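Structure record follows, encoded as structure tokens.
Read-outs throughout are calculated quantities, based only on the coordinates presented, and are distinct from any laboratory measurement. Quick caveat, the model's predicted, so the values are computed rather than measured. Neighbour counts run over all protein chains shown; Cβ positions are idealised from the backbone, glycine included.
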Amino acid sequence: MADTLVLAPKVQNGQVTWRTSVGYQQRLIGSTTLTPSVNLDGSLFRSNETDLQFLRAPTRISVAANLNSDVYGFFPGVGPIQRIRHKFSPGFSWSYSPEVKPSAELEDLRGFRPVEAEEQHRLTLTLNQTFEAKLKPRQDPESGADTTGAPADSTPERPAPEARKLTLMAIRTSSLTYDFSKGELITDRISNSITSDLLRGLTLRLDHDLFEELEGGDRRFSLFLTQLNLNFSLGARSVGGIFGESSAGVSRGRGIVPEVREFEDGELFEEPPDEFDRPTDRGSRQPWSLSVDYSLVRQRPIAGAEPPPSRQSVRANFGFQPTKNWTLRWRTQYDLEGREFVDQALSLQRDLHRWSATFEFLQASNGNFLFEFRVNLNDMRDIKLDYRQETRG
């Protein structure tokens, strides 16, 4: 049978969507605000089947209202804390849109994507909490504790120092959405993020699955921790970012390993950030610093099946200056499940007045390593002497 070539006109179609909205904000009591709004959505569609004439889809109307408020609670202080304030900030968002149904003529057109047609009736709840401490003011050593007997022509009294504020704990909870049309909570995961000023850089995040899937498509409410991340910093300054994000690698069944770049120039690892090459300020000795990041990832077990393995790892960045001209930085990651170190990165830097020398050593879990030595002119970093050695497994 001879080949047959069928020529057809070029398929052409186009769609124009538009939206208009009007709303306003009304202050109620204190910081409580109500923001109602009305939205109109519509679209126009044309194609070869309509002789490139636009057909109008039904306009969809939706109404919404947002209610936000702040509720305060005050508690007596203790020790250096003068007072504690609890700020409770709930937020409610309600939206409703009736069902719209496009005509049969539009539904039969190829390529037509109508605006969401099902009825939507939802209520979303958001919640943030903050515990703040007002510290007792410290005495100004220059003004003294008692200035009531000072003569009239003496130096004017200095203003009292402003009381310091400290965030004891801040909790941010992800939103929960209930769909009245379906009669169920459509949010299946909730996340809580906790921060505090008591330990610099402290951040705790917990993710929970809300429902357990049952046979027959049913589900029941059952909280299950799926992810936990904890990180904090010690020392006068954080070392986070000195070695970059070590979690930018790939998962290989037992933790995270550094990303390997297969470039034609023979590079093994990603190039270190500029902090490796940046000499420390001459004459200033930097204190030690440490940042720790713990990560846990789990999956909900399925009835009758073997529980899926979890992943736990601890990442640490440490840096200090043993002398004025030497700087040491070390990064490592330990796999708690495999009970072994995943990667190592060590950097030594020596200040040579107008020059700087850098020694770098990186090792991956598969045994591959990179050693590099560089001497750079500080005024022109392109002028350098370097040596590089690497292995590939």
Enter the Cα centre distance for the pair the stretch 316-353 and the stretch 19-69, rounded to the nearest angstrom. 55
In nm, the gap between the two label points placed 7 Å beyond Cα toward Cβ at GLU213 and ARG381 is 4.9
I'd like to compare 24-35, 63-74: which one has the highest average count of other Cβ atoms within 10 Å, and what's the full order after that? 63-74, 24-35
Give the cross-link partners of LYS87 among the lysines, using a straight C-alpha distance below 23 Å as the criterion and excluding same-chain residues fewer than 8 apart. LYS134, LYS136, LYS165
Descending principal axes extents, the stretch 296-393, alpha-carbon based, whole Å: 67, 31, 20
Using a basic spin-label model with each label point 7 Å from the Cα along Cα→Cβ, how many nm lie between PHE180 and LEU125? 1.6
